[in-house]
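These notes concern the structure reproduced below.
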Amino acid sequence: MSTALEALDTGTQGTSLAENAYLLLRDRLIMLDIKPGDPINDGQIATELGIGRTPVREAIKRLESDHLVVSYPRRGTFATGVDITQLADVSEIRELLEPLASRRAARMASPRLREELREVAAAISALEAHDASQQELMRYDIQVHRLIYKAAANPHLEDVLIRYDNLATRIWCHMLEKMPSVTGHVAEHAELLTAIADGDEDRAAALALHHVVSFEETIRKVL
C-alpha cells in the first residue's frame, strides 16, 4: 500500500503515559476491539502496556467523560453499550459541525496539510482495487475525519468533533455485519478531501453535510 494509506493507521502517540494509554484504549473502544459491556481492568491494562496503574486510571477518567466507559461503585468499570437511539442526537450535532470544520479546513489548511489531503484523497480513490476489510475501511474513515478536524485549525472544534465522530463510529462498527460494504461510504471522502485541498469552502461544506446525512440514512436502513 502507499505511504498515504499507511499514514491512516490509528496508531497515535501522546505526550505522556496517561495520554498514550488514553489514545490506545479510546481506539480499541471505538472499533469495538473492547466490546460493549466488557470490564476495564486497570491492573491488566497497566501490565499489558508496561506502565503503572496511575496513568491508566487517568486515561479511564477521560474515557468516562467521552461516554466510552462507565464506572459503578463496588462493581468496576465497563465499556459502555452502543445505544442506537443516540444516532439522531449525534447526527444532529455532526450535521452542524462537520460542514463547519470542512469549510474552515478549506480556508485554513496549511500548504503541507493540503498536500497530505490530496495524497489521502488519491489513496482513498484506489481503495476499490484493494481488498480492504470492513474494519480496515472504518479505520480509514476515522483517520480521514481526524485529518479534516486538524486542518480546520480550531482545537476546540476538533475536540468536540472527535468525541462525536467516535460515538458515530461505534454505532457504525456495531452495525457492520448487517451492511454489505462500507467502501462507498469511505470512498466519498476523496471528493471531500479534494474540495478542501482546493480551498472550495462551499463545496467542502456541502459534501461534509451529505456524508453525515448519508451515514445516518444507511444505518437506519439496516435497523
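The values are calculated or read from the model by the stated rules, or taken from the named source; none is laboratory data. Source: prediction; values computed, not measured. A quick note on method: Cβ atoms are made from the backbone with ideal geometry, for glycine too, and the neighbour counts reach across all protein chains shown. SASA here: full protein model, heavy atoms, side chains in, ligands and nucleic acids out. Shrake-Rupley method; radii C 1.70, N 1.55, O 1.52, S 1.80 Å.
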Could you please let me know if Ile124 is assigned to a helix (DSSP H, G or I), within 18 Å of Asp159 (Cβ to Cβ) and of a type outside the set (Phe, Trp, Tyr)?
no
Pairs needed: first member in the range 161-173, farther than 13 Å from Asp141 by Cα; second member anywhere, of a type in the set (Lys, Arg) and assigned to a helix (DSSP H, G or I); C-beta distance under 7 Å; at least 6 residues apart or different chains.
Tyr164/Arg94
Given (1) under 18 Å from the mean Cα position of the chain (by Cα); (2) open to solvent by 40 Å² or more (accessible area, probe 1.4 Å); (3) of a type in the set (A, V, I, L, M, F, W, C), where does Ile142 come up short, assuming only one miss?
(2)
Selection within the range 152-166 - open to solvent by 20 Å² or more (accessible area, probe 1.4 Å) and either under 9 Å from the mean Cα position of the chain (by Cα) or more than 21 Å from Leu209 (Cα to Cα) (or both)
Ile162, Arg163, Tyr164
Considering (1) in a helix (DSSP H, G or I); (2) more than 16 Å from Val212 (Cα to Cα); (3) touching a His at 6+ places or on another chain (Cβ under 6 Å), say which one Val144 fails and leave the rest.
(2)
When both residues are 6+ apart or on different chains and their Cβ atoms are under 6 Å apart, which pairs have a first residue that lies in the range 184-201 and is more than 15 Å from Tyr149 (Cα to Cα) and in contact (Cβ under 8 Å) with a residue 60 or more places away in the chain, and a second that is open to solvent by 10 Å² or more (accessible area, probe 1.4 Å) and of a type in the set (Gly, Ala, Ser)?
Ala190/Ser125
